[in-house]
Amino acid sequence: MTQLTITGNVVADPELRVIPSGKAIATFTVVSSKSVKQADGSWENTDTTFWDIKCWGKTAENVADSVQKGMSVIVVGTAVQENWDDKATGAKRSKIAVTAWNVGIDLKRHVTSASVVQRTDASFNPSTTPDPWSAPFGADSVAPF
């Protein structure tokens, strides 16, 4: 399994589907490139790569609700080789896709607000989770990080 991190822009709004087992899957494409400054001072994008991204379950639902065409995102996942037979020609086909574990908005290019971001992790309860920053620091205390 090859783990990778991709930063780039979303090409089109994610597509959310539910497979027969009832599990959600979201698919979208991210384009990444390297910007190179030319001698005349202009910038050129090189090494452009289009990445097919799939995510499952709650991540898929959150991506469909949060990510839009044009947004800069950070994707962490695994590279997976997909193989199939072309229906028209019968030829063997394959491609590398990414199964995403985490998808986030790139805060280098976007701003968000805590009043807008909602936590969906049901196990997190702010009223019962201790705040590591509320304890006073003294000579014999340990920083919470």
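The values are calculated or read from the model by the stated rules, or taken from the named source; none is laboratory data. Keep in mind that this is a model prediction, so the values were computed, not measured. Glycine also receives a Cβ, built like all others from the backbone with ideal geometry; neighbour counts cover every protein chain displayed.
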Would you pick out the residues in the stretch 1-35 that are closer than 15 Å to T59 by Cβ and basic (K, R)? R17, K23
Filter the stretch 73-112 for residues that are over 16 Å from the mean Cα position of the chain (by Cα) and closer than 17 Å to L4 by Cα and give the result. Q81, E82, K95, I96
Specify the residue that is nearest to Q68 (Cα to Cα); the eligible residues are those in the stretch 16-43 that are in contact with a helix residue (DSSP H, G or I) (Cβ under 9 Å, 6 or more places away or on another chain) and touching a residue at least 24 places away in the same chain (Cβ under 8 Å). F28
Every residue in the stretch 1-48 that is farther than 22 Å from A97 by Cα and touching an Asp or Glu at 6+ places or on another chain (Cβ under 9 Å), please. S35, V36, K37, Q38
Tell me which residues, restricted to the stretch 38-96, are assigned to a strand (DSSP E or B), under 20 Å from A26 (Cα atoms) and among the acidic types (D, E). D52, E82
When the stretch 44-67 is examined, which residues are found to be within 14 Å of the chain's Cα centre (by Cα) and either surrounded by fewer than 11 Cβ atoms within 10 Å (Cβ to Cβ) or touching a residue at least 60 places away in the same chain (Cβ under 8 Å) (or both)? K58
Criterion first (modelled with pLDDT of 90 or more, small (G, A, S), within 23 Å of the chain's Cα centre (by Cα) and buried (at least 16 other Cβ atoms within 10 Å of the Cβ)) does G70 satisfy it? no
Name every residue in the stretch 73-90 that is of a type in the set (G, A, S) and at pLDDT 95 or above, in order of residue number. G77
Determine, yes or no, whether Q3 is surrounded by fewer than 11 Cβ atoms within 10 Å (Cβ to Cβ), polar (S, T, N, Q) and in contact with a Gly (Cβ under 9 Å, 6 or more places away or on another chain). yes
Quickly run through the stretch 13-37 and pick out the residues that are among the hydrophobic types (A, V, I, L, M, F, W, C) and assigned to a strand (DSSP E or B). L16, V18, A24, I25, A26, F28, V30, V31, V36
